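Let me begin by presenting the structure, written as structure tokens, before commenting on it.
Nothing in this text is a laboratory measurement; each read-out follows from the coordinates by a stated rule. All of these numbers come straight from a predicted model, not from anything done at the bench. Here the Cβ positions follow ideal geometry from the backbone for every residue, glycine too, while neighbour counts run over all protein chains shown.
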Amino acid sequence: MKIIIFVMNPEKNYERREALSQLLKKTPYQFEFMSIDDDNELTPSAIANNHDSKRTINSFGRDFTRGELASTLNHLLSYKKFLESKNNLAIIMEDDADFIVDEFILVIDQLKKIINEIKPEVYLLTPVISYLNIDKKRLNKKYKVVDVIQSWDSSGYIINRESAKRMLSVNSKSWIIADDWVRYKRYANIDLFSVIPTIIKQNIDLFESNLIVDRNKVSKTRSLRYVLSRASYKIISDVKKYFWLIPFKSYIRNKNV
């Protein structure tokens, strides 16, 4: 399988590009740094054309911050660039990703052997909130692949062409934030997996997360539709978790995330 790495990196984040380049150059994979043009893509008219603010507020509880919108549009752009290429798989990375090169190469090469090109599969390479420890697939003695229940991290993941098509289709006018994997599972009908233990983490020792900074500055816009849908979803998910996933599917909650 041919694979390419797309790294979302605006020009202002030059130090992040340099740090990540030093790692990527040690891998055998083709990589490309890319970013939307904020001056064109984040104007009021462009946002009106490319972003569904009302649907975002009703589903997310508030509209995206400028940083969240830029991140989401960058992820969507990477899917488009991937589909325009002749590659079978793409690794999507944010520019604060950090990893041990040898472990990264080992896991990616093992994953290439099991990824199904026909089904819409996404493999998270970052920490996840919860997963199922049943029906897991062993990559080797150290690493396994599990089904993901919940995750809020988009620092690094693998997609195939079918998953990229579906995520682009369902989020063509953005309303699902880039790291909202629960909604992508529900609306794009993708199969979501994760590598345990994780191989990519955010380089928080050097770089502060832009999205976390933005999120800490905003408050929810709790529309009635949001409150009702949120309450309904929580009831259904709790019933499923406590009466099915925990007793029968070896549900694991990652307390470190």
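One table, with the values for the structure above:
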quantity	calculated
Stretch gain in nm, segment Arg222-Thr43, where the contour uses 0.36 nm per residue and the Cα spacing is subtracted	61.9 nm
Local net charge near Gln30, Cβ-Cβ under 13 Å (Lys/Arg +1, Asp/Glu -1)	+3
Karplus-derived 3J(HN,Hα), 6.51/-1.76/1.60, for each residue of the stretch 76-88, Hz, glycine and proline x	5, 5, 5, 5, 5, 5, 4, 5, 7, 8, 9, 7, 7
For Asn203, distant residues with modelled amide H under 5 Å away	Ala97, Asp98
Nitroxide proxy distance, nm - points 7 Å out along Cα→Cβ at Lys86 and Ile100	3.6
Equivalent ellipsoid dimensions for the chain as semi-axes, Å, which come from the Cα gyration tensor, largest first	26, 25, 17
Normalised contact order of the stretch 3-253, rounded percent, pairs of Cα under 8 Å and 6 or more residues apart	26
Point-to-point label distance, Ser172-Ser21, nm (Cα→Cβ direction, 7 Å offset)	3.7
For the stretch 119-134, 3J(HN,Hα) per residue [Karplus equation, 6.51 cos²θ - 1.76 cosθ + 1.60, θ = phi - 60°, Hz, x = Gly/Pro]	7, x, 10, 10, 10, 7, 10, 10, x, 10, 6, 8, 7, 9, 9, 10
Volume per residue of the C-alpha convex hull in the stretch 1-146, rounded to whole Å³	151
Anchor Lys54: aspartates and glutamates whose Cα lies under 14 Å away (excluding residues fewer than 8 positions away in-chain)	Asp63
Length-normalised contact order of the stretch 1-96 in % [C-alpha pairs under 8 Å, at least 6 apart]	52
Only Lys, Arg (+1) and Asp, Glu (-1) charged, at Cβ; the chain dipole about Cα centre in debye	1340
Extension reserve of the Lys12-Arg62 stretch, reckoned as 0.36 nm per residue once the Cα distance is removed	15.3 nm
Cut-off under 5 Å, modelled amide H: who pairs with His51 long-range	Ser174
Antiparallel bridge percentage (DSSP; both residues within the chain; nearest 5)	60
The stretch 33-148 - percent relative contact order, Cα under 8 Å, separation 6 or more	16
Kirkwood-based Rg to Rh ratio, the stretch 10-52, C-alpha trace	1.18
Above-threshold pairs, the threshold being 19 Å between Cα atoms, out of Lys26/Lys144; Lys2/Lys80; Lys112/Lys144; Lys2/Lys136; Lys2/Lys113	Lys26/Lys144; Lys2/Lys136
Residue-count net charge about Trp181 - beta-carbon cut-off 14 Å; Lys, Arg +1, Asp, Glu -1	-2
